[in-house]
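Heads up: the structure comes next, in C-alpha cells.
The values are calculated or read from the model by the stated rules, or taken from the named source; none is laboratory data. Quick caveat, the model's predicted, so the values are computed rather than measured. So basically every Cβ, Gly included, is an ideal-geometry build from the backbone, and we count neighbours across all protein chains shown. Surface areas here come from the heavy atoms of the whole protein model, side chains and all, with no ligands, DNA or RNA. Shrake-Rupley method; radii C 1.70, N 1.55, O 1.52, S 1.80 Å.
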Amino acid sequence: MQQILLFGVLMAAFMAFAVIGVPVFFAMGLAALVFIAFSGGAVPVNIVASSMVQGMDSFAFLAIPFFFLAGELMNTGGITRRLLNFASAAVGHIRGGLSHVAILASMVFSGVSGSAVADASAIGSSMIPAMKDKGYPGAYAAAVVAAASTMGPIIPPSIAFVVYALVSDVSVGQLFLAGAIPGLLMGVYLLAAASWVAHRRNLPYSERTSLRAVGRAAWDALPALAMPVIIIGGIVGGVVTPTEAGIIAVLYAIAISVLFYRELTWRQTWHIFRECMVSSGIILLTIAASGIFSWLVANLAIGETLATTLKTLTDSPWVMLALINIVLLLWGLALEPAVALVTLVPVLVPIANAYGIDLVHLGVIVVLNLMIGQLTPPSGVITFLTAQIAGSPLHAVFKEAVPFTLALIAVLLIVTYVPLVSMWLPGVWIGG
C-alpha cells in the first residue's frame, strides 16, 4: 500500500507541475525529486541522472526522427498531393466526397508518417482550404481531418508503437501488424460517420471521374503508394529494423521527391531537417525523463503491488480492460500520447500480466485510447491544429467531431473485446 501511495505522490506532483505550465521534461524530473523526498531516503538522488541516460539507451529510438522526417518530405515533395489527387478521383463523387477524400488520404499517409500531428498537418493544409472552397463548413472540415489523423499512429508504421514497444519490451514488428486491421477498421467507421453526416446535412459532392482519370491518378501516385509496402514488408520480413526502415523511408521520399517528381529542392530539405530535429527532440527528451518513472515503477514494484490490489476487486480480465479503457481515456484528455505512454505503460504491464492480457493487444488498446484523447477537449492537440488551419472556433470543431469520436469509441470497444481483430495478423506472422 505504501508503494501505491508513493506512486500517487509521484503522479500528483507531475500533474501539478504540468498544470502550472512547467515543460513536460522538467515536470517529470521535478516530480521524481518530490517522490524521492517523500520516500524517506529509500531512493538515492543520483538515480535521476542515471535513469534518464538509461531511458534513452536504445538504438530503436532513432526510428522516431526518421519517420517524422519521411512524413514532412512527402508533404513538401508533392507525394502527399498526389495521394490526395488519387483519393479525390476515387471517392470524390460520393455525397460529402471531400470528407471521404480526407479520410482515405489519411489512411494512405498513415502508412508512412506514423504520427497524428504530421498527418493532420499534411492532409489538413491541403484538404481544409479545398473543402471550404467547395462550401463545406470550416469547423466540419477541421473535424474530419482531425478524426482521420488519429489513424496515423495505429496504421503501421507508428511512432507511438515504437515507444510502447521499448517501454513494454515487446516486438515492434508484432505491434505494427496488430495495428493494421484496427487502423483499417477506424477508416471504415470514419467513412460511415462521414457518409451519415453528409446525407443528413446534404453536403456537396464532385462530378464522377472517368475510369481513365482514376487510373492516371493511381499511376501518378504509385511511387507514394508503394512506400508503406516497402517499409512494413521490410520490418515484418525481418530484412530491416524499425530504425533502418525509417532511414529507407527518408531516402525513398527524397529520391521520389527530388529525382522523380522534381518538386523538392535541397534548400527545402535543409529546412525540413531542422524542423524535424526540433519536433523529434521534444519527444526524445520526454522519453529520457520517462526513464526516471520507469525505474521507480520497476524497482519499487509499484505495478505488481497495484496489480495485486486490483485482483482483490475483480478477477475478470474483461472488467479490467474496461477499467483500463476508462483510465486511458481520462488520461488522454490531459496529456500528449508520448507522455501518457511513458508514464502509464510501466504500471499497466504488470497488471496485464496478472490478468493474462496479451501485451501486444494491450498496446493497440493503449494507443487507440490516447488517439481518441487527441480529438477531445481539453487536450485535443490535433483538433487545435486543424481548427487553426481552418480559422474556425475550437468549440465548433469539437462539436463537429462528436460523430467521429463516437465512431472511434465503437472501434475501441471492438478492438478491446474481440482480440482477434488485432491479434490475427501477428498470429499468422508467428505461425508462418
With a Förster radius of 56 Å, plug the Cβ-Cβ distance of VAL53 and ALA130 into 1/(1 + (r/R0)^6) and report the FRET value to the nearest 0.05.
0.75
Could you report the chain's accessible area per residue, 1.4 Å probe, as an integer in Å²?
41 Å²
Residue-normalised 222 nm signal for the chain, counting each DSSP H run of n ≥ 4 as -39,500 (n - 2.57), nearest 500 deg cm²/dmol, is -26000 deg cm²/dmol
Using only Cα atoms, locate the centre of the stretch 123-201 and the centre of the stretch 388-432, then give the distance between them in Å, rounded to an integer.
8 Å
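For SER125, SER39, write out the residues from largest to smallest accessible area, computed with a 1.4 angstrom probe and no ligands counted.
On the way: SER125 60, SER39 20 Å².
Listed by decreasing accessible area, they come as SER125, SER39.
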Spin-label point model (7 Å from Cα, Cβ direction): what's the TRP318 to LEU259 distance in nm?
5.5 nm
Based on Cβ point charges of +1 for Lys and Arg and -1 for Asp and Glu, what charge dipole magnitude is obtained for the stretch 103-238 about its Cα centre, in debye rounded to the nearest 20?
500 debye
Extension gain, ALA37 back to GLU275 (0.36 nm per residue minus Cα-Cα distance, nm):
81.9 nm
Please compute, over every Cα-Cα pair in the chain, the percentage with a separation greater than 34 angstrom.
30 percent
Going toward the positive end of the dipole of the chain, with +1 on Lys and Arg Cβ and -1 on Asp and Glu Cβ, which of VAL45, PHE86, PHE404 do you reach last?
PHE86
Across all directions of projection, what mean area in square nanometres is found for the Cα convex hull of the stretch 309-432?
8.9 nm²
Run the numbers on the chain and let me know its relative contact order in percent, using alpha-carbon pairs under 8 Å that are six or more apart.
25 percent
Determine how large the accessible area of LEU222 is when every protein chain is in place; take a 1.4 Å probe and give Å² rounded to the nearest 10.
80 Å²
Considering the options ALA253, ALA70, GLY124, tell which one lies farthest towards the positive end of the dipole of the chain, charges being +1 on Lys and Arg and -1 on Asp and Glu at the Cβ, about the Cα centre.
GLY124
The stretch 90-166 - percent relative contact order, Cα under 8 Å, separation 6 or more
39 percent
Given a Förster distance of 45 Å, report the FRET efficiency between ARG216 and LEU329 from their Cβ-Cβ distance, rounded to the nearest 0.05.
0.55
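Would you mind calculating the relative contact order of the stretch 61-198 from Cα pairs under 8 angstrom and at least 6 residues apart, reporting the percent as a whole number?
Over the stretch 61-198, the number comes to 27 percent.
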Explain nothing, just the number: dipole magnitude of the chain about its Cα centre with +1 on each Lys and Arg Cβ and -1 on each Asp and Glu Cβ, in debye rounded to the nearest 20.
1200 debye
Mind checking the full-extension length gain between VAL381 and ALA410? Use 0.36 nm per residue of separation minus the Cα-Cα distance, one decimal, nm.
8.3 nm
Carbon/sulfur accessible area of the chain, % of total, 1.4 Å probe, equals 68 percent
Go ahead and set up a Gaussian network model of the chain, Cα springs under 10 Å, then flag whichever of SER171, SER149, SER110 fluctuates most.
SER171
Compute the acute angle (0 to 90°) between the alpha-carbon long axis of helix 159-168 and the principal axis of greatest extent of the alpha-carbon atoms of the chain; round to the nearest 10°.
20 degrees
Put +1 on the Cβ of every Lys and Arg and -1 on every Asp and Glu Cβ in the chain; which of GLY21, GLY187, SER279 then has its Cα farthest towards the positive end of the dipole?
GLY187
Report D for the stretch 91-161 in µm² per second (integer): Stokes-Einstein, Kirkwood Rh on Cα pairs, 37 °C, 0.692 mPa s.
278 µm²/s
If you fit an axis through the alpha-carbon atoms of helix 266-299 and take the longest principal axis of the Cα set of the chain, what angle between them do you get, 0 to 90°, nearest 10?
30 degrees
